[in-house]
Amino acid sequence: MNEADRLTIAAGTPGIQLMSHAGSAVVREIVQRWRIRPVCVLCGPGNNGGDGFVVASELAAAGWPVRVALLGSMERLTGDAAHHAARWRGPVDAFGAAALADAGLVIDAVFGSGLSRPLGGDVIPALTAAAARRVPVVAIDVPSGVMGDTGESFGAIPAACTVTFTRKKPAHVLLPGRDLCGDVVVADIGTPPEVLAGIGVDAWENHPGLWRDEFPRPTTAGNKYGRGHALLFGGYPMTGAARMAARAAARAGAGLTSVAVPEAALPIYAAALTSIMVHPLSAPEDLSALLGDTRYSALTIGPGAGINETTRNAALAMLQTRRAVLLDADALTVFAGRAAALSAAIQGPCVLTPHEGEFARLFDFAGDKLSRARAAARSSGAVMVLKGSDTVIAAPDGRAVVNSNAPPTLATAGSGDVLGGLIVGLLAQGMEAFAAAAAGTWLHAEAAAGFGPGLMAEDLPDLLPGVLRRLADADPG
């Protein structure tokens, strides 16, 4: 955004005008949400504070009672912020809790998304006082104390609404920033589209527009063989995970879905699965024979597979085929402390779907979630799906997607197994790994969001047809 602003100004739009547009956008949101009431605008010493002065001036002109409290002094303001501060006709109070005494609304214009350090002790008491009084807070850009690039919080308080500009920042979709922002409104302040196209954006909020063109669509001339064949490794005695994953793969559109299972588990799988084929494995070489059949277009192992040498060997055998492979759950844990060996074995399209615990057993990357997922994808050569309420999907080339439509009800046993099955069903149909991971994650969350409370993982496969129908109905093509 710093570069976007710089290029916009270089193209002829003054920074003073951009700041005016930003403040006006915040005012529009305020008057739509609240009736006139006393307002305290907390202004910082930079451009975020300049936005706050625009808000104060426009609200006052509209008849709202406004107080301004400034961190620092007017003399220390520079550039566009100094210009708009000079247009404020009211008094400027000392920054602190006292300025909030009669406020019915607080505008947080202290620090924006460019903050790169924890809040100082002179800021936190005022923000804490606003939170204690349970007064609604409108944050400009991000709540002060939230790191714009990471979503980490260093003293931020929750906002009822956050107005940001041009595009969302990582903080608006990564936790805890996402929760602290409240309702996020993205305002157009006049950044030309060609500026955004030229700055090399490589991270996005997940939505169908990113992968819709690659999403597999059945055709009238097609048949089941043309829609791919997914092969899953089914564990024993933990059979439920693989069965749910297999049903998800089929619901995702795979033309055929098979599960390879230990011979002792055959009756359980065969009784529970109807359209999904079950292949008994009586000896280790039986899996090798199955993998030798090139009609299997995507492979997966992990859910309920067991943490043992058999699982590791089966995962390595799948990777050796150079076909699309998804590793999840136990198939990740068996490589704990052996990330280099896993990376060396990845020769074809591969998706890894760890939760935070599995990720920590595999990789030792530090930092925020987006950075860690990118580093792991780059080092392993696999698409990384680092799961959670803010799942990050990262490609080895640095592209990343953050998923933000997952409801809290997805935190239930087995939901990750369904996600893996969904993604492998898309891989089986030939969808590129990064796109398949992003699409599968979005569909998985959308299915859960449409169900509501009481969700169980086994509900998810049967919810997918409704989501897929809505996706098809919305397809502009």
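For the condition of a type in the set (Ser, Thr, Tyr), at pLDDT 95 or above and within 24 Å of residue 415 (Cα to Cα), what is the one hit in 300, 321, 294?
Every option except 300 fails the conditions.
Right, residue 73: loosely packed, with under 15 Cβ neighbours inside 10 Å and either closer than 21 Å to residue 370 by Cβ or in the same structural domain as residue 48 (by TED's automatic domain parsing) (or both) or not?
For residue 73, the condition - loosely packed, with under 15 Cβ neighbours inside 10 Å and either closer than 21 Å to residue 370 by Cβ or in the same structural domain as residue 48 (by TED's automatic domain parsing) (or both) - is met.
Give region 95-106 a look and list any residue that's outside any helix (DSSP H, G or I) and surrounded by fewer than 24 Cβ atoms within 10 Å (Cβ to Cβ), or say none.
95, 96, 101, 102, 104, 105, listed by residue number.
Starting from region 226-248, keep only residues that are surrounded by 24 or more Cβ atoms within 10 Å (Cβ to Cβ), then list their pairs with residues that are among the hydroxyl-bearing types (Ser, Thr, Tyr) and assigned to a helix (DSSP H, G or I) whose Cβ atoms are within a distance under 7 Å, requiring at least 6 positions of separation or different chains.
Filtered contacts from region 226-248: 234/269; 243/269.
Name the residues in region 393-449 that are without any contact (Cβ under 8 Å) to a residue 40 or more places away in the chain and closer than 23 Å to residue 343 by Cα, would you?
394, 395, 396, 397
Out of the residues in region 107-126 that are under 24 Å from residue 186 (Cα atoms) and touching a residue at least 60 places away in the same chain (Cβ under 8 Å), which is surrounded by the fewest Cβ atoms within 10 Å (Cβ to Cβ)?
Of everything passing the filter in region 107-126, 114 is surrounded by the fewest Cβ atoms within 10 Å (Cβ to Cβ).
For residues that are more than 12 Å from the chain's Cα centre (by Cα) and either buried (at least 23 other Cβ atoms within 10 Å of the Cβ) or aromatic (Phe, Trp, Tyr) (or both), tally how many sit in region 169-179.
0
Conditions (1) modelled with pLDDT under 95; (2) in contact with a His (Cβ under 7 Å, 6 or more places away or on another chain), marked per residue:
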position	(1), (2)
198	yes, no
205	no, no
209	no, no
214	no, no
221	yes, no
241	no, no
251	no, no
255	no, yes
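Whether any residue in region 281-301 is among the β-branched types (Val, Ile, Thr), within 32 Å of the chain's Cα centre (by Cα) and surrounded by fewer than 21 Cβ atoms within 10 Å (Cβ to Cβ) is what I want to check. Walk me through it before giving the result.
As a first pass, look at region 281-301 and keep what is among the β-branched types (Val, Ile, Thr): 294, 300-301.
Then keep just the ones that are within 32 Å of the chain's Cα centre (by Cα); that gives 300-301.
Still in the list and also surrounded by fewer than 21 Cβ atoms within 10 Å (Cβ to Cβ): none.
The answer is no, given that none of the residues of region 281-301 is among the β-branched types (Val, Ile, Thr), within 32 Å of the chain's Cα centre (by Cα) and surrounded by fewer than 21 Cβ atoms within 10 Å (Cβ to Cβ).
If I filter region 406-432 down to residues being small (Gly, Ala, Ser) and part of a loop (DSSP other than H, G, I, E, B), which single residue comes out as farthest from the chain's Cα centre (by Cα)?
430
How about region 356-369: which of its residues are closer than 23 Å to residue 409 by Cα and in contact with a helix residue (DSSP H, G or I) (Cβ under 8 Å, 6 or more places away or on another chain)?
358, 359
Does residue 236 satisfy the criteria of being farther than 30 Å from residue 9 by Cα and touching a helix residue (DSSP H, G or I) at 6+ places or on another chain (Cβ under 6 Å)?
Working: farther than 30 Å from residue 9 by Cα: yes; touching a helix residue (DSSP H, G or I) at 6+ places or on another chain (Cβ under 6 Å): yes.
In short, yes.
Please list, ordered by first then second residue, the pairs with beta carbon atoms under 6 Å, 6 or more apart or interchain, first in region 258-274 and free of Cβ contacts under 8 Å to residues at least 24 places away in the same chain, second loosely packed, with under 15 Cβ neighbours inside 10 Å and assigned to a loop (DSSP other than H, G, I, E, B).
Pairs found: 263/282.
The values are calculated or read from the model by the stated rules, or taken from the named source; none is laboratory data. Keep in mind that what you see is a predicted model, and the values were worked out from it rather than measured. Glycine also receives a Cβ, built like all others from the backbone with ideal geometry; neighbour counts cover every protein chain displayed.
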